[in-house]
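The structure appears right after this line, and notes come after that.
Coordinate-derived values only; no laboratory data. Being a predicted model, the structure only gives us computed values, none of them experimental. Note: ideal-geometry Cβ built from the backbone for every residue, glycine included; neighbour counts use all protein chains shown.
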Amino acid sequence: MSPRTGVSRRGLFAGLGAAGAVGLTTGGLLGAGAARVPEGEDPARGLTLSRSGPEDGRPPALLTPTPAHVHVVAVDLRAEEPGEVFEQARGVLALWGEHARELHERGLAALAPGAPTQGLSPASLGITLGLGGALLDRAGLGDRRPAPLEDLPAFASDRLDPALCGGDLMLHVGAEDPLVVSAAVEHLLGLVRDRAAVRWSLPGFQRAAATAQDASATPRNLMGQVDGTVNPEPSEAAFGPQVLAAHPESDTSWMDGGSYVVVRRVRMLLDDWFDLAPEARERVIGRRLSDGAPLGRDREDDLPDLAARDEDGDPVVPVDAHVRLASPERTLGARMLRRGFNYDLGWRDGRREAGLLFTAWQADPRTGFTAVQNELDRGGDALNAYVRHEGSAVFAVPPALDPHPAHSLW
Ligand code: HEM
């Protein structure tokens, strides 16, 4: 029993684990997603997670392709007293867990008469739930807050709006159809309206596979860049240590095998960007616009040659190019799984409201996102003149419910 809350911690993490399992098994980022892979899609392009070999009895493979549409919602629980926060967290996670499972298995139309999704397929719906660090403190569980879940430091390039940052719980809903995403978000939030208030939310999208000449090609962002080329591959031995958290200690073992997601709302100054000549845009990133190849190299998959010089003796990849500063050489090998989505909310107050819904999944944000963002700022990333980091949050996404008792979350 927790002396502060008077309730069993096991209870919260039991609910949380179940929710995490839903997040994972219904095809969230770490989803056991065989069911999610659309027909004809190459599962190797999706995410296959196999943190541990068959020797420890864990189910080896979890995979999902990046969905075409997402909506990331951060909510705050309404309670203030630790015991009540604890109870609300447990209740909301349990309810979301239960309904997410149903949504995945049967679809919203079967659950809710009159749902907007009547006549639609499940569209690879995937629901992922996360917890903010402040929630654990508020619930009297500060000693169960893993060190990687510390608040992100302030970055030199931050232009953050507090209303677009943080949150007690994250709901990350993805699907191939935007109506399926919207209806699932509305349903899940409607269930907890009395206990949770939306703090911020952002829908994002990628190009539709149906319109892509090559659906397996790396997608482009709203700046026109091929974005997502350099990412840890699930087949690499280093993938697990880089993307999945390791927490053998009992207090934080609820996150052993989970992942920490950093979510950033990065507005793009698109008018300024497209005023630049295409060659200048290429030098900002250090890659070609036509095919995403590093400057001076031939193909998208070629490694950038950071030592190469042109005939005038200048670096082929400029000293302040984004890919130079973000490269493993500069960031002590910091790696994370970047899954970027575009957002486009039109214009607000005459200002373009569009950019990148940046999500990065890692074992530890201190050695992942934070290390890279610090290096981008230190080196004066040329991209900084064309983007504004306006929203920021980090959430713990617990691992799937583990059937192996030795690795059980509770
Ligand atoms: C609107 C903001 C951003 C845009 C438009 C952008 C765009 C790009 C592009 C086009 C690439 C090259 C292709 C690729 O490997 O994906 C890239 C690479 C990369 N970006 Fe960003 N990025 C943004 C923000 C960030 C942030 C916030 C981080 C992390 C703090 C980051 C980390 C990286 C990393 C690690 C690479 C791979 C570098 C390498 O090893 O070659 N990016 N980005």
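Site pair Ala385 and Asp275 shows an inter-label distance of 1.1 nm when each label is modelled 7 Å from Cα along Cα→Cβ.
Counting beta carbons within 10 Å around each of Val372, Val266 and listing the fewest first gives the order Val266, Val372.
For the stretch 329-368, backbone nitrogen atoms closer than 19 Å to the point 7 Å from Glu236 Cα along Cα-to-C-beta are found at 329-340, 359-368. Distance from the C-alpha centroid of the stretch 143-191 to that of the stretch 74-113: 15 Å, rounded to the whole angstrom.
Label positions at Ala110 and Glu98, each projected 7 Å from the Cα along the C-beta direction, are separated by 1.8 nm. The gain in end-to-end length when the Ser201 to Ala147 segment is fully stretched comes to 16.9 nm, 0.36 nm per residue minus the alpha carbon separation.
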